[in-house]
Each structure stands twice: as structure tokens, then as C-alpha cells.
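To keep things clear, I will list the structure first and then write my remarks on it.
Taken together, the values in this text are just the output of simple stated rules run on the coordinates, not laboratory data. Everything quoted here is computed from the prediction, not taken from an experiment. Backbone-built Cβ (ideal geometry, glycine too); neighbour counts: all protein chains shown.
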Amino acid sequence: MIITIDGPAAAGKGTLASVLAQAYKLAYFDTGMVYRAVGLDMYLHNEDPQNEKIAEKYAQNLTFTHMHELAKNPDFRSAIGGNYASIVSAHPKVRAALLKMQQDFSKNPVFADGTPAEGAIYDGRDTGTVVCPHADIKFFITASTEVRAMRRFKEFQSKGIQTDFETVLADMKSRDERDSSRATAPMKPAEDAIVFDTSEMSIEDVFNFCLKIIDKKLKNS
Ligand code: C5P
């Protein structure tokens, strides 16, 4: 079974994907990691993320091992990592170079320790439209900009990353703008996606909502 969870930054995709992956024993692919890895690699090498040609080279050279190494850097999840990821992910050549790596995972999904899994959950804004258009279930979750900025702010605080709410909100707005207006893979739900707003929902509400849909699908398959 392949499930995709798309939506804007800090809508709760990652949290939902991990709980569902655990509940259904599915491998989890957080696709934002591939763009964060390319972005951070460029940042660490003082490269200009706007330079598509150089960004493409970094994308072509990315492996799962290198991505997991980069993920240990505190800036992988910081605002710097997020901004660099957002810039490099707007380059069509970068997206093309990273597509196969993401799609191959659905053919042979594995858990973090390398053992094979029966299926996978993908989290990322084009996973239902581009990466896995044939997924069994596609969710598209969103929430208001303020709610998402507050969730991200609290996440930064819990990790000890120094910032303030206004900065996080401003960053969120500019990332949303860039992610939805870009020509390549703009943020939009797949036609057959189940779209819902989590602004007023707890993680339990969201989990239970998805559980019903997945169980129904499994019963009918
Ligand atoms: O989800 P996360 O915040 O880690 O994603 C970082 C950035 O990577 C996003 O802001 C977006 O620009 C980009 N991204 C993307 N396509 C995906 C996942 C992430 O363009 N499937």
C-alpha cells in the first residue's frame, strides 16, 4: 500500500505520516529531506542556491547515505535549511534529478534499519501528483498560515533553535508564496486527493479521520 500526504509547510504532514507509518507498519519517506539535503549541502559549500546548474549537480550526487549524514546537522531543520530547500526545490532540473530516487523507494520500501516493508507513506507536497500518482490513498492536509507558523515556532523552541514568532510567520508566508506560485510542481492537491483543514483538529482527530479512510480502503481491496 502506498499512501501520500501532501500539503503546505507545517500543516502536520510529518507527524501524521509517522503515526500512520507506525500504525500500519509502513516505511516512511519524508521527501522534504531530499530538498533540505541538497540545499544544506550547497549552503555548507557556500554555493548560491539560485544557481540551477550547480544545484542540479548536488541533486544528481545525492544518495540516501549522504542525505542521512546531512540530516544530523542542526541547520538541516532550521530556517536556513528550510529556505535553501525551498529555493533549490523550485529548479525543474533539481526536481527531475531527485524524482527517480523518490519513486524507486515505492518499488522497494525499507524501514530505517534497511528491512523491507509492505508499503510506504510519502510526505511531501508533490507526492500525490508527481512522485506517486498511482498511490492507493492521497491525503492533502492544510491549516491557516498563523496556525502553521505557531506549530513551526513551537517546534523550533523545543529544539532550542533561537527565533521569534514574527520571523517564523514571515518566513512561512514567503515560502508559501514561492511554493504555490512556482511553475514547477506548484503546491496543489491531486484530483483524487482527500483534502482537509487541520487548524481546529488535534493530532488524534487527524489520525482517527485518516484511520477510518485507510481501514475502509483496506476492507474493500
Ligand atoms: O517539508 P519540508 O519543510 O521539509 O520541505 C522543505 C522544502 O522542500 C519545502 O518548503 C518545499 O519547498 C520543498 N519540497 C518540495 N517538494 C516536496 C517536499 C518538499 O518542493 N515533495
Contour minus Cα-Cα span, residue 146 to residue 216, at 0.36 nm per residue, comes to 21.9 nm
When the charge dipole of the chain is computed with +1 at the Cβ of Lys and Arg and -1 at the Cβ of Asp and Glu, the Cα pointing farthest to the positive end, of 116, 61, 127, is that of 116
With +1 at each Lys and Arg Cβ and -1 at each Asp and Glu Cβ, the charge dipole magnitude of the chain around its Cα centre, to the nearest 20 debye, comes out at 320
Taking every C-alpha to C-alpha distance in the range 1-59 and binning by 10 Å from 0, the per-bin percentages run 20, 37, 27, 15, 1
With -39,500 (n - 2.57) per DSSP H segment of 4 or more residues and division by the full residue count of the chain, the 222 nm estimate, nearest 500 deg cm²/dmol, is -16500 deg cm²/dmol
The long-range amide H neighbours of residue 140, using H built 1.01 Å from N in the peptide plane and a cut-off of under 5 Å, are 6, 194, 195, 196
Taking the alpha-carbon centre of each part, the distance from the range 145-209 to the range 86-112 in Å is 21
Between residue 195 and residue 161, the two model label points (7 Å from Cα along the beta-carbon direction) sit apart by a distance in nm of 2.8
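Work the Kirkwood hydrodynamic radius out for the chain: mean of 1/r over every pair of different alpha-carbon atoms, inverted, in Å.
Radius from the Kirkwood sum: 17.7 Å.
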